[in-house]
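Report on the following structure.
The values are calculated or read from the model by the stated rules, or taken from the named source; none is laboratory data. These numbers were taken from a predicted model, which means no experiment stands behind them.
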Amino acid sequence: ACVRSNSNRAAISHLHRQLYGRLYPVLLVNTDGSTVRLRYGEPKRILMLPLDSSTLPEAERKARLRRHFPSKPKAKEEETFEGIDLDTYKKFWKK
């Protein structure tokens, strides 16, 4: 029996693959700003390569780290009812 390995084989029976691959057109942006069109397995519009932080100046590297990892929010003071004059709200308690 001769086995044909072309597109007509799929028409006769099912595809003999574990993964049915479809590649989507994607725009790849390099760190220097240049772009390349390529085919990617997930439907995305733009892929950006990560910037190498070891090539950046020290000040810019620290600024990027501060933007990515902001400081923890400060704890707010809880409101207390000590400074409130209750006589001003007495009219709302009466029926």
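When Thr31 is tested against (1) modelled with pLDDT of 85 or more; (2) under 20 Å from the mean Cα position of the chain (by Cα); (3) polar (S, T, N, Q), just one condition goes unmet, and that condition is (1).
Regarding Lys91, is this residue closer than 29 Å to Asp32 by Cα and over 21 Å from the mean Cα position of the chain (by Cα)? Considered against the rule, which asks whether it is closer than 29 Å to Asp32 by Cα and over 21 Å from the mean Cα position of the chain (by Cα), Lys91 comes out as no.
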